[in-house]
Structure formats: structure tokens, C-alpha cells
1. Name the pairs: first residue in segment 106-117 and within 16 Å of ligand 2 (Cβ to nearest atom), second residue in a loop (DSSP other than H, G, I, E, B), Cβ to Cβ under 7 Å, at least 6 apart or on different chains?
2. Which is under 23 Å from Gln279 (Cα atoms) and either more than 24 Å from the chain's Cα centre (by Cα) or touching a residue at least 24 places away in the same chain (Cβ under 8 Å) (or both), of Pro231, Pro240?
3. Here's a check for you: in segment 65-105, which residue that is touching a residue at least 40 places away in the same chain (Cβ under 8 Å), assigned to a loop (DSSP other than H, G, I, E, B) and out of contact with any helix residue (DSSP H, G or I) (no Cβ under 9 Å at 6 or more places or on another chain) is nearest to ligand 2 (Cβ to nearest atom)?
4. Here are Ala312, Ala292, Ala318, Ala323: which of them is at pLDDT 90 or above and in contact with a Ser or Thr (Cβ under 9 Å, 6 or more places away or on another chain)?
5. With the condition kept exactly as written, say whether any residue in segment 126-134 is within 12 Å of ligand 2 (Cβ to nearest atom) and in contact (Cβ under 8 Å) with a residue 40 or more places away in the chain.
6. Exactly one condition in (1) more than 25 Å from Ile161 (Cβ to Cβ); (2) in contact (Cβ under 8 Å) with a residue 24 or more places away in the chain; (3) among the charged types (D, E, K, R); (4) not in a loop (DSSP other than H, G, I, E, B) is false for Glu31; which is it?
7. Just the residues that are free of Cβ contacts under 8 Å to residues at least 24 places away in the same chain and not in a loop (DSSP other than H, G, I, E, B), please, taken from segment 261-280.
8. Criterion first (assigned by TED's automatic domain parsing to the domain that holds Ala213, farther than 28 Å from Ile17 by Cβ, among the charged types (D, E, K, R) and surrounded by fewer than 18 Cβ atoms within 10 Å (Cβ to Cβ)) does Arg254 satisfy it?
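The values are calculated or read from the model by the stated rules, or taken from the named source; none is laboratory data. Small disclaimer: the values here were computed from a predicted structure and weren't measured. Don't worry about glycine lacking a Cβ; one is built from the backbone with ideal geometry, like all the others, and counts go over all protein chains shown.
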Amino acid sequence: MRPQEMDAWVVARPGPIRTNPLERVRLPVPEPGPDEVLVRVEACGVCRTDLHLAEGDLPPHRERTVPGHQVVGRVVAHGDAARGRDLAGSRVGVAWLRSTCGRCRYCRRGAENLCPGSTYTGWDADGGYAEYVTALADYVYPLPDEVPAVQLAPLLCAGIIGHRALLRCDLPPRGVLGIYGFGSSAHLTAQVAMWQGAKVHVMTRSAKARELAAELGAASAGGAADAPPEPLDAAILFAPAGELVPVALSALDRGGTLAVAGIHLSDVPPLNYERHLFQERTLRSVTANTRADGRAFLEIVTARSPRVATVAYPFAEAGRALADLAGDRVEGSAVLTPPWADGG
Ligand SMILES: [Zn+2]
Ligand SMILES: [Zn+2]
């Protein structure tokens with residue numbers, strides 16, 4: 001029933017996107033390990049991290065890895081130890097966090113996102129730019145059957161990481177939130193924040209993204225480095241632009257917190273203590289997520305569907321999807337839709 005080979009994309013030569021770092025290949029369909037499930041991919045979101053991996057901003061952990069960590073698919077096989085999880089035939093999400101050690105002091109205190117032994121989908125193991133992917137049964141998220149795969153895929157990284165950033169920025173109830181950069185992750189996070197009563201100001205260089213922000217209910221939408229119309233209780237920097245760190249810190253009210261959501265950020269210019277940090281302003285990073293973050297976020301968004309702005313790309317055009325992301329030409333979330341998936 002299952003074919004022996006499948007279509008996939010691998011990062012063949014990490015480098016600038018115009019040099020075509022991805023290569024389309026045929027690979028053997030992977031066998032699930034004892035604790036793993038084999039998932040047939042229905043859709044795979046395209047994340048900025050995929051771009052960082054393709055371009056070599058994040059050094060490869062192994063050669064010729066299949067990228068992609070926002071996978072929606074169906075469990076078609078499982079290893080012996082995963083049998084008890086009763087996942088056969090069900091729809092699941094495979095996300096960035098592939099595994100953690102479960103034993104270190106971070107794992108034991110509920111901070112498995114900081115586990116030094118953690119591994120990541122599409123970096124340490126093959127990801128979802130392929131027809132099949134394996135994942136540990138304990139690390140997949142159950143997903144509803146009735147929502148189109150294209151709508152679910154962006155929730156799995158853009159959504160989950162954005163949600164952790166929202167938790168990390170310590171936004172007070174009904175507070176004022178500034179969002180810098182308004183792509184895939186930001187437009188989902190903004191909606192959750194507004195559902196929770198926040199007033200949201202968006203700062204982004206893209207005119208189209210400003211339009212989307214206004215449509216979604218943002219109180220204001222200005223240019224990337226513009227001052228928001230009022231002091232911010234909290235801010236999240238989604239743009240991978242270190243030069244915006246002092247800009248966002250200056251926009252914080254006394255006691256405000258800036259969370260940097262990205263895994264990669266260009267250098268932060270020197271900060272001035274008085275202008276950027278004094279008055280108990282706080283600067284924080286966001287590192288991956290825990291499974292609890294993922295479950296909490298997916299519970300919120302499957303109970304109350306957010307608007308997910310997606311741009312579908314045929315599987316054959318993975319390189320173009322990454323190039324469009326690099327060139328800021330994607331409004332919302334890019335998603336690969338494979339020819340073998342229903343409705344793809
Ligand atoms: Zn650990
Ligand atoms: Zn991601």
C-alpha cells in the first residue's frame with residue numbers, strides 16, 4: 001500500500017536563497033521508530049526558520065535535511081511502543097519541538113523549551129517538505145478533522161511560538177500591546193491578544209500588512225520604526241531586526257516588557273540605559289516552546305477560529321515560497337500544499 005519512495009525537498013547547499021539552497025529529491029519513505037508515528041503530510045507551513053536554515057543563518061545540524069515543522073497530516077503507521085497512544089488514522093500536527101530529554105533540570109521544572117538535549121523537526125531530523133514524516137508520538141498534537149489543513153499548518157509554529165511570546169511579554173489584563181513586524185506569527189498572536197482584551201498597535205514596514213492589521217482590529221498600524229500613539233505596556237518583536245530593539249524599548253511605558261520572538265535576530269545596536277532600560281523596562285528572549293504552550297494555544301484557537309491569512313504554494317514551488325518570504329512578499333502565512341493531499 002505505502003510506496004517505497006517519496007518526493008521531498010532537502011537543504012542541499014545552505015546559502016542565499018537566490019542560489020537555490022533547496023533541492024528536490026526522491027527519498028525512501030521513513031520507517032517509524034518504536035516511539036514514533038509515520039505521518040502522511042496534508043500541508044506544511046513555511047516558517048522564517050526554514051529560510052534561516054536554507055540560508056545557513058542557522059548552521060545545519062545534519063546534511064541534506066528535509067526542512068518544515070508546521071506539518072498537518074494523518075497517522076498512517078506507528079512503532080510498537082507508540083501503539084498505546086491510539087493515534088492510528090488520526091489527524092495530527094508535527095511542530096518544531098521534536099524531542100526533549102525529560103531528565104535534565106530544565107525538563108524537570110517544566111521548562112523543556114530550554115532542554116540542552118532537545119531536537120527540532122526539520123533541523124535535527126527530516127521535516128514536512130516531503131510526502132511522509134516521522135515524529136515521536138508524545139510530541140504530536142491532535143488536530144480537528146473539519147478545518148482545512150492549510151488553515152491549521154501556520155498555527156503549529158507561527159501560532160505556538162507567537163503564543164509563547166505573548167506569555168513572555170507579561171501583558172497586563174486589558175493592556176496595550178505593541179507588535180513589531182506583522183507576518184505569519186504576529187497576525188495570529190494579535191488576534192489572541194485582542195480576544196483577551198488587549199489594545200494592539202502594529203508597527204511594520206509592509207503597507208499590506210498594515211492593512212491586514214487594521215482589518216483584524218488593531219487600534220493603529222504604523223511604519224516599522226514609528227512611535228505608537230501611546231506608551232506600550234508590553235511589546236513583541238517579530239521582525240528579525242535587531243535595530244528595532246531600542247526602538248521598541250523606547251516605546252515601552254515604565255515597567256513594560258519587550259519579548260523578542262525570533263530564533264534569529266540581527267545584531268542589537270548599543271543600548272542607552274536611561275532611554276531604553278531604566279524605569280524597570282525588561283528585555284526578554286523567547287526560546288522555542290513547551291508542549292504545554294502548544295496544547296494551550298491550540299485549545300484557544302480551535303475553540304475560537306482565528307482568521308489565518310494563508311498563501312498556498314504548490315509543493316513543487318517550495319523554493320519560490322522561501323524566496324517570497326525572504327523578499328517580504330508573503331502577507332500572512334505561506335503553506336505548501338502537496339499534490340497527493342485531498343484538496344491540495
Ligand atoms: Zn531536558
Ligand atoms: Zn517555525
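1. Matching pairs, first to second residue: Asn113/Thr287; Asn113/Ala288; Asn113/Asn289; Asn113/Thr290.
2. Result: Pro231 is the single residue among Pro231, Pro240 that is under 23 Å from Gln279 (Cα atoms) and either more than 24 Å from the chain's Cα centre (by Cα) or touching a residue at least 24 places away in the same chain (Cβ under 8 Å) (or both).
3. Once the filter is applied, the top-ranked residue is Val66.
4. Ala312
5. Within segment 126-134, one or more residues are within 12 Å of ligand 2 (Cβ to nearest atom) and in contact (Cβ under 8 Å) with a residue 40 or more places away in the chain.
6. (4) is the only condition that Glu31 fails.
7. Matches in segment 261-280: Tyr273, Glu274.
8. yes
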